[in-house]
Amino acid sequence: MVKEVLSWTVEIALTLLIAFTFVYFIGLRTSVVGQSMSKTLNGGDQILVNRFVYKVTDPKTNDIVVFLPNGNEKSHYYVKRVIGVPGDTIQVKNGTVYVNGKAFDEETDVASIEDAGLAADEITLGPDEYFVLGDNRKNSEDSRSADIGKVKRSYIYGKAWFVASPKKDWGFVK
């Protein structure tokens, strides 16, 4: 009897440890606010955020990241695509994004940019800075805006990896 109780106790403890680890590292769930990431993500979509991946590696170009603008914890999470990484030079000319002097290779269909904002002039990213844009370039508050600007690495919480709701959009984020 004691052996069986001990066995159950160990199994329950192990299950709780696994559950805690999963929730701590991957458990952030947030909503997409607005249409700045449509067609990839829509306003109201519930997404799961992988917080662990950026503890062992840095965000890469075309990753969809979740961050707080300027680290403002009273703000909602922003969801945007990484266009530039530390050391890159970014500029928007004639509606096209240029990274290090070359037209950016988009992984998704995006409209031409009408308002270059801060990126009308060349922007050079520092050692812990990222340049992010929404996929809906005509309706996105992103690194082109003075309110967002360059996103510091410490403000990035994780990588969007799974759409949990609505059920029709359920699946991995591309």
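The values are calculated or read from the model by the stated rules, or taken from the named source; none is laboratory data. Predicted model, so just to flag it, every value in this text is computed and none were measured. For neighbour counting, all protein chains shown are included, and Cβ atoms are generated from backbone atoms with ideal geometry for every residue, glycine included. Protein only, heavy atoms only, side chains kept; ligands, DNA and RNA dropped before computing areas. Shrake-Rupley method; radii C 1.70, N 1.55, O 1.52, S 1.80 Å.
Within segment 3-30, how many residues are surrounded by fewer than 16 Cβ atoms within 10 Å (Cβ to Cβ) and under 13 Å from the mean Cα position of the chain (by Cα)?
Looking only at that region, the number is 1.
Could you say whether any residue in segment 151-163 is more than 25 Å from Val53 (Cβ to Cβ), of a type outside the set (Val, Ile, Thr), modelled with pLDDT of 90 or more and out of contact with any Cys (no Cβ under 7 Å at 6 or more places or on another chain)? It would help to see each step written out before you state the result.
Narrowing segment 151-163 to residues more than 25 Å from Val53 (Cβ to Cβ): none.
No, because not a single residue in segment 151-163 is more than 25 Å from Val53 (Cβ to Cβ), of a type outside the set (Val, Ile, Thr), modelled with pLDDT of 90 or more and out of contact with any Cys (no Cβ under 7 Å at 6 or more places or on another chain).
Write out, first by first residue and then by second, each pair whose Cβ atoms fall under 8 Å of each other, whose residues are 6+ apart or on separate chains, and whose first residue, in segment 120-144, is of a type in the set (A, V, I, L, M) while the second is part of a loop (DSSP other than H, G, I, E, B) and open to solvent by 60 Å² or more (accessible area, probe 1.4 Å).
Filtered contacts from segment 120-144: Ile123/Lys150; Leu125/Lys150.
Looking only at segment 37-71, which residues are open to solvent by 50 Å² or more (accessible area, probe 1.4 Å), closer than 20 Å to Phe131 by Cβ and assigned to a loop (DSSP other than H, G, I, E, B)?
Asp58, Lys60, Thr61
Which of (1) in contact with a helix residue (DSSP H, G or I) (Cβ under 7 Å, 6 or more places away or on another chain); (2) free of Cβ contacts under 8 Å to residues at least 60 places away in the same chain is the odd one out, the single condition Tyr98 does not satisfy?
Of everything listed in (1) in contact with a helix residue (DSSP H, G or I) (Cβ under 7 Å, 6 or more places away or on another chain); (2) free of Cβ contacts under 8 Å to residues at least 60 places away in the same chain, Tyr98 misses just condition (1).
Could you identify the single residue in Val82, Val110 that is of a type in the set (A, V, I, L, M) and either touching a Cys at 6+ places or on another chain (Cβ under 7 Å) or within 25 Å of Arg51 (Cβ to Cβ) (or both)? Can you show your working first?
Values: Val110 fails: either touching a Cys at 6+ places or on another chain (Cβ under 7 Å) or within 25 Å of Arg51 (Cβ to Cβ) (or both).
It is Val82.
Residue-by-condition table, conditions (1) of a type outside the set (Lys, Arg); (2) assigned to a loop (DSSP other than H, G, I, E, B); (3) crowded, with 16+ Cβ neighbours inside 10 Å; (4) modelled with pLDDT of 95 or more:
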residue	(1), (2), (3), (4)
Val79	yes, no, yes, yes
Ile90	yes, no, yes, yes
Asp105	yes, yes, no, no
Ser112	yes, yes, no, no
Leu118	yes, no, yes, no
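Considering each residue of segment 127-164, count those that are within 26 Å of Phe25 (Cβ to Cβ), open to solvent by less than 40 Å² (accessible area, probe 1.4 Å) and more than 15 Å from the chain's Cα centre (by Cα), and give that number.
1
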